[in-house]
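Below: the structure, in structure tokens.
The values are calculated or read from the model by the stated rules, or taken from the named source; none is laboratory data. None of the values given here were measured: they were computed from a predicted structure. As a convention, Cβ positions derive from the backbone with ideal geometry for all residues, glycine included, and neighbour counts pool all protein chains shown. Calculation scope for accessible area: heavy atoms of the full protein, side chains included, ligands and nucleic acids excluded. Shrake-Rupley method; radii C 1.70, N 1.55, O 1.52, S 1.80 Å.
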Amino acid sequence: MKIGCPTEIKPQEYRVGITPNAAREAASHGHEVIVQQGAGLGAGFSDEDYTAAGARIAATAEEIWAEAEMIVKVKEPQAVERKQLSRGQLLFTYLHLAPDPEQTQDLIESGATCIAYETVTDARGGLPLLAPMSEVAGRLAPQMGAWSLQKANGGRGVLMGGVPGVGPANVVVLGGGVVGTHAARIAAGMGADVTVLDRSLPRLRQLDETFGSLFKNRYSTEGAVAELLAEADMVIGAVLIPGAAAPKLVSRAQLGTMKPGAVLVDVAIDQGGCFETSKATTHQDPVYTVDGIQHYCVANMPGAVPRSSTLALGNATLPFLLALAGKGWRVACAEDPHLQAGLNVHDGQITNAAVARALNLPL
Ligand code: NAD
């Protein structure tokens, strides 16, 4: 199959859909991989890395959209890209159609077959193509929080790991899912005193069994949050209620109970945020202060580390990419219900029940 990978054109997007290693695997399976000139530069991959892996470099995106049977990307196709999608072409990327009727209409009209990373499932009920980005955001959260805790950056001037004779920072993680677990591991690895709160007792048992005394855990109630808030140097928001806006776990009034210069890192900001005072920020201007409390609320945290994010996403997408290219999407989806769950649009029809429901469109 001819697999094409254009340069991402969404502002501030530096990731790339295919890594040189993925291109090498696809080429060794007999596929032709075409990568747009410079597509990998933002993630630190040169055109030479791709040609050495057996890919061909195309000068323009137009060539790729015109030639490739399957397009592999990171972000949803932008309007100018959607115009170039053709009937029968296969698109494999993040789509996030539910809040995006305009994109959905264009994909329907294109007649293309569109498989969305975010709705591919796995046997344990997880979302294997979303998980790598949650892992990245979770591991990044204490790093950004630690930077914000520094005095010159407006913080309390507290060192995560303390030093001999001086205690460490106190870090509270709200939500012990993928983001929260990775955040807790890194914060504990930096030497902080970490407590994870979750509403799920099975999840808390699992954390306890897996991580032992590396970090503490508590059942998440309003009382427990209020109690821990007063002691915290950093609070990381990592809760998710699937399909719903994030619950507000810290009110503005509660900021007054916190230590001045403490930091809130709201990873759940892409679902509206779990602190009342959160509003989405960008990598250019990531932190603002409310009532003396620092807020870091970047909605696309993985964008800060496009190389690591591209590699992590590439590892997760590769088996699906090879199945789609090797068997064709019909057979690949028929054989794998988890990949089938990723099919969002085909031949002018929505094929995913949740997306159809969200947009009030027929299946
Ligand atoms: P997850 O489903 O793996 O974990 C969420 C956890 O929150 C679950 O364990 C759940 O039991 C817990 N929870 C729900 N309500 C709670 C409450 N009231 N108190 C305590 N815990 C509660 O989800 P995830 O993959 O870890 O994602 C977490 C959030 O991070 C999501 O909103 C996701 O969209 C977001 N995210 C943001 C970025 C970013 O760049 N900002 C990147 C990746 C993920």
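Mean-square fluctuations from a GNM of the chain, with a 10 angstrom spring cutoff on Cα atoms, peak among Ala253, Ala26, Ala341 at Ala253. Note on Cys333: accessible area is roughly 0 Å² with a 1.4 Å probe, heavy atoms of protein only.
Among beta bridges from DSSP that stay inside segment 131-304, the antiparallel ones total about 20%. Under 5 Å between amide hydrogens, which residues at least 5 positions from Ala98 or on another chain qualify, with H placed 1.01 Å from N in the peptide plane? Result for Ala98 returns nothing. For the chain, set up a Gaussian network in which alpha carbons nearer than 10 Å are linked by springs, and say which option among Ala43, Ala224, Ala304 fluctuates the most. Maximum among the listed residues: Ala224. In the chain, the calculated helix contribution to ellipticity at 222 nm averages -10000 deg cm²/dmol per residue, counting -39,500 (n - 2.57) for every DSSP H run with n ≥ 4. Leaving ligands, DNA and RNA out of it, report the carbon-plus-sulfur percent of the accessible area of segment 1-118 at a 1.4 Å probe. Looking at segment 1-118 in its full context, I get 50 percent from C and S. Using C-alpha pairs under 8 Å with a sequence gap of at least 6, the mean separation divided by the residue count of segment 131-304 gives a relative contact order of 22 percent.
Would you look at the GNM of the chain, springs on alpha carbons closer than 10 Å, and say which of Arg156, Arg330, Arg185 moves the most? Per the Cα network of the chain with a 10 Å cutoff, Arg330 tops the list.
Against the chain, whose longest principal axis is taken from its Cα atoms, helix 201-211 shows a tilt of about 90°.
Rounded to the nearest percent, how much of the accessible area of segment 120-245 (1.4 Å probe, protein heavy atoms only) is carbon and sulfur?
55 percent
Test of understanding: what is the full-extension gain from Val166 to Leu363, defined as 0.36 nm times their sequence separation minus their Cα-Cα distance?
Values: separation 197, 0.36 × 197 = 70.92 nm, distance 6.07 nm.
Contour length minus Cα-Cα distance gives 64.9 nm.
Taking amide H as placed 1.01 Å from N in the peptide plane, Gly17 has its amide H under 5 Å from the amide H of Val74, each at least 5 places away in sequence or on another chain.
Contact order for the chain, expressed relative to its length and based on alpha carbon pairs under 8 Å spaced 6+ residues apart, stands at 17 percent.
Under the 0.36 nm per residue contour assumption, what length would be gained going from the current alpha-carbon distance of Ala66 and Asp291 to full extension? Don't jump to the answer; show the numbers that get you there.
Numbers: separation 225, 0.36 × 225 = 81.00 nm, distance 5.38 nm.
The span from Ala66 to Asp291 would gain 75.6 nm if fully extended.
Annotation: per residue accessible area for segment 131-304 equals 44 Å², rounded to a whole number [probe 1.4 Å, protein chains only]. Among the lysines, which have Cα under 29 Å from the Cα of Lys327 when same-chain residues fewer than 8 positions away are ignored? Excluding near neighbours in sequence, the set is Lys2, Lys73, Lys75, Lys83. Simple point charges give the picture: +1 on the Cβ of Lys and Arg, -1 on the Cβ of Asp and Glu, and for the chain a dipole about the Cα centre of about 640 debye. Placing pseudo-labels 7 Å out from each Cα toward the beta carbon at Ala230 and Ser251 gives an inter-label distance of 1.6 nm.
Can you say what percent of the DSSP beta bridges in the chain, counting only those with both residues inside, are antiparallel? Round to 5.
Working: 9 of 47 bridges.
Of all bridge pairs located within the chain, approximately 20 percent are antiparallel.
Which residues does a label at Glu209 reach in segment 118-141, if reach means a backbone N under 20 Å from a point 7 Å past the Cα toward the Cβ? Hits in segment 118-141 for Glu209 at 20 Å: 123-127. For Gln84 and Arg199, the difference between the fully extended length at 0.36 nm per residue and the C-alpha to C-alpha distance is 36.8 nm.
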